[in-house]
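To keep things clear, I will list the structure first and then write my remarks on it.
Here, each number is a calculation from the coordinates, and none is a lab measurement. Being a predicted model, the structure only gives us computed values, none of them experimental. A quick note on method: Cβ atoms are made from the backbone with ideal geometry, for glycine too, and the neighbour counts reach across all protein chains shown.
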């Protein structure tokens, strides 16, 4: 039999889902990626926070908050919002740049790649958390 410590007596201990750790890693990847260069050109690097990276930074803070909550449903919603922002904005940035100058003279920077990778990781966490929060089969 497991004894509760004096500080935990009478307290319900709801554990966080393991996907919350994945969400935290995704949010930190996106947060760091927002400050790194998103584009490398011959004229110099373009930081993410000068454009769409600022929005991904805001969404990453929301993702950190989602990783700290204990409810899988709430964490899944945070992860889904983070995934949408972190995947759509870098994709839009690349499509917009290709429309302006084509493929010549620039390459994606590490911040853009980290942000997109964090978006994929956040989408994976959102999927896992949504499945964990789904109600089980109803027994007759």
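Mind pulling the angle between the C-alpha long axis of helix 72-101 and the longest principal axis of the chain? Nearest 10 degrees, somewhere in 0 to 90.
Helix 72-101 and the main axis of the chain meet at about 10 degrees.
As a footprinting exposure proxy, order 38, 106, 92 by other Cβ within 10 Å, with the fewest listed first.
By the 10 Å Cβ count, ascending, the order reads 92, 106, 38.
In what sequence do 114, 57 fall when counting other Cβ within 10 Å, fewest first?
Fewest to most other Cβ atoms nearby, the residues stand as 57, 114.
Mean separation of Cα pairs under 8 Å and 6+ residues apart, divided by the residue count of the chain: what relative contact order is that in percent?
35 percent
Report the full-extension gain for the segment residue 74 to residue 50: residue separation times 0.36 nm, less the Cα-Cα distance, to one decimal in nm.
Stretched out fully, the residue 74 to residue 50 stretch lengthens by 5.6 nm.
For the chain, list log₁₀ I(q)/I(0) at each q in 0.17, 0.19 Å⁻¹, using the Debye formula over Cα point scatterers of equal strength and ignoring solvent, two decimals each.
Debye output, listed in q order: -0.84, -0.96.
Angle, helix 110-133 long axis vs. longest principal axis of the chain, Cα atoms, 0 to 90°, nearest 10?
The angle comes out near 30 degrees.
Against the longest principal axis of the chain, how steep is helix 53-68, in degrees 0 to 90 to the nearest 10, with axes from Cα atoms?
10 degrees
Please build a GNM for the chain, connecting alpha carbons under 10 Å apart, and tell me which residue among 31, 62, 23 fluctuates the most.
Largest GNM mean-square fluctuation: 62.
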